[in-house]
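Reviewing the structure listed below.
The values are calculated or read from the model by the stated rules, or taken from the named source; none is laboratory data. Not measured: the values here are computed from a predicted model. Note that each Cβ is placed from the backbone with ideal geometry, even for glycine, and that neighbours are counted across all protein chains shown. What goes into the accessible areas is simple: the full protein's heavy atoms, side chains included, and nothing from ligands, DNA or RNA. Shrake-Rupley method; radii C 1.70, N 1.55, O 1.52, S 1.80 Å.
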Amino acid sequence: MLPLESTVKQILEIWLDGLPSNPNKTRGQHWSKLYKEQQEWKMATWLLARSAYKGAPLERAHIHYSIFVGDARAHDPDNLIASLKPIQDGLKG
């Protein structure tokens, strides 16, 4: 039988308002402007995650993203996923 610690799962839910710019929107922008936006998203995500979870850093985690775009237009799923990179980086710390 497995120890109790290995069967216990924690769920941490974080809500971010908005979405980082997707690669199609950032094409042609100066790298410093893009870098600044990515760092802002990374820091916002990190702050939310640290305020919601006070324990020791996790070695592994399963992450599930839900994206609500708020309109009926067709969105490119690849670009939506690519735009999440600064958020993913913020969760890594």
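The table below lists the values:
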read-out: Candidate aspartates and glutamates - alpha carbon under 17 Å from residue 54, same-chain residues fewer than 8 apart omitted; value: 13
read-out: Taking the convex hull of Cα positions in the chain, its mean projected area over all directions (nm²); value: 8.1
read-out: Backbone N under 18 Å from the residue 24 label point (7 Å along Cα→Cβ), restricted to segment 61-81; value: 67-81
read-out: Value of relative contact order over the chain, rounded to a whole percent, pairs C-alpha under 8 Å and six or more apart; value: 50
read-out: Excluding exposed DSSP-loop GluC sites (Glu not before Pro) (at most 12 other C-beta within 10 Å), longest clean stretch of the chain; value: 14-58
read-out: Residue-normalised accessible area of the chain, expressed per residue, 1.4 Å probe, Å²; value: 88
read-out: Within the accessible area of segment 5-78 (1.4 Å probe), percent carbon and sulfur; value: 55
read-out: Computed magnitude of the charge dipole of the chain (debye, nearest 20; Cβ of K, R +1, Cβ of D, E -1); value: 260
